[in-house]
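Asker: Take a look at the following structure, please.
The values are calculated or read from the model by the stated rules, or taken from the named source; none is laboratory data. None of the values given here were measured: they were computed from a predicted structure. Here the Cβ positions follow ideal geometry from the backbone for every residue, glycine too, while neighbour counts run over all protein chains shown. Keep in mind that these areas ignore ligands, DNA and RNA; they rest on the heavy atoms of the full protein, side chains included. Shrake-Rupley method; radii C 1.70, N 1.55, O 1.52, S 1.80 Å.
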Amino acid sequence: MSKPPSPMQLALAEAEAAAARGEVPVGAVVVDVFGTVLAAAGNRVEELADPTAHAEMLAIRAAARLRGEKVLVDCDLHVTLEPCAMCAQALSLARIRRVHFGAYDPKGGGVEHGARVFDHPTCHHRPEVIGGIEETRAGELLKRFFRERR
C-alpha cells in the first residue's frame, strides 16, 4: 500500500498544472490539523486576468468557503514559493496557523524577504513559518518555466 502524497507534493502537482496552463508554476494546499486537504489551487492570474489569483489566495478562499468561516485558525498552508506581501497579509487575516513553503523568493517574497509582513508590529496574526520544504524541486519548476519563456 503506497503512502498518500504529502501536502507539499500536492502543492507541487498544482504548480506543475499551473505551468501547463501557461501560469507561473506556484501551487498551494490548505490542510486542517488532521491533515485533511480542504483546498488546493495553482496560479490562475493569466487565465482569470486577475492579479490577485495567486495560488495561496485561491486556496484560502476555497477553504474558507468550504468551512463557511473567514478564519482558518486550525489550518496550515503548504505553498511551493515564499508568499508575496499580498498573500502573506491574506494568510495573517485568515489566521492560518502555519505556513510551509518551498523555494525562497528574494525578489518578490513577503515573508523572509521584502516586506516581511509578519515582522511588522501592525500584523495582527503571525503564523509559524517553515521555509525550504522541497526547495530544490520547487525552484527547478520556476527556473524551467522562465528559461523556456526567454
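Asker: Between the alpha-carbon centers of region 102-150 and region 1-56, tell me the distance in whole angstrom.
Answerer: Distance between centres, Cα-based: 15 Å.
Asker: Counting alpha carbon pairs within less than 8 Å and at least 6 residues apart, what relative contact order, in whole percent, applies to region 31-71?
Answerer: 33
Asker: Please list the three semi-axes, largest first and in whole Å, of the ellipsoid equivalent to region 83-150, using sqrt of 5 times the eigenvalues of its alpha carbon gyration tensor.
Answerer: Ellipsoid half-lengths, sorted descending, are 25, 13, 9 Å.
Asker: Which value, in debye to the nearest 20, describes the size of the charge dipole of the chain about its Cα centre when Lys and Arg Cβ atoms bear +1, Asp and Glu Cβ atoms bear -1, and nothing else is charged?
Answerer: With Lys and Arg at +1 and Asp and Glu at -1, about 100 debye.
Asker: Mind checking which aspartates and glutamates have their C-alpha under 14 Å from Lys107, skipping anything on the same chain fewer than 8 residues away?
Answerer: Straight-line reach from Lys107, under 14 Å: Glu82.
Asker: In region 48-120, what trypsin sites (Lys or Arg not before Pro) fall in a loop by DSSP, with at most 14 other Cβ atoms inside 10 Å?
Answerer: Here the sparse-neighbourhood loop sites are Lys70, Lys107, Arg116.
Asker: How big is D for the chain, in µm² s⁻¹ as a whole number, if Stokes-Einstein is applied with the Kirkwood radius of its Cα pairs at 10 °C and 1.306 mPa s?
Answerer: In µm²/s, the coefficient is 105.
Asker: Quick one: ranking Ser6, Ser92 by accessible area, 1.4 Å probe, largest first, what do you get? Each step should come with its number before you reach the end.
Answerer: On the way: Ser6 40, Ser92 0 Å².
Greatest to least solvent exposure: Ser6, Ser92.
Asker: In Å², what does the accessible area per residue of the chain work out to with a 1.4 Å probe? Intermediate results must be reported in sequence, preceding the final value.
Answerer: Working: 7850 Å² over 150 residues.
With the other protein chains kept in place, the chain gives 52 Å² per residue.
Asker: Among 78-87, 122-131, 26-35, how do they line up from the highest to the lowest mean number of other beta-carbon atoms within 10 Å?
Answerer: Numbers: 78-87: 26.2, 122-131: 13.4, 26-35: 22.2.
The most tightly packed comes first, giving 78-87, 26-35, 122-131.
Asker: Enumerate by residue number the GluC sites (Glu not before Pro) in region 22-105 meeting two conditions: DSSP loop (anything except H, G, I, E, B), and at most 15 other Cβ atoms within 10 Å of the site's Cβ.
Answerer: Here the sparse-neighbourhood loop sites are Glu69.
Asker: Let a ≥ b ≥ c be the square roots of the eigenvalues of the Cα gyration tensor of region 1-74; is it rounded (a/c under 1.5), or, if not, prolate (a/b larger than b/c) or oblate?
Answerer: oblate
Asker: Which percent of the accessible heavy-atom area of the chain goes to carbon and sulfur, probe 1.4 angstrom?
Answerer: 54
Asker: Could you calculate the contour length gain from Glu46 to His124, that is, 0.36 nm times the residue separation minus the distance between their Cα atoms, to one decimal place in nm?
Answerer: Full extension of this stretch gives 25.0 nm more.
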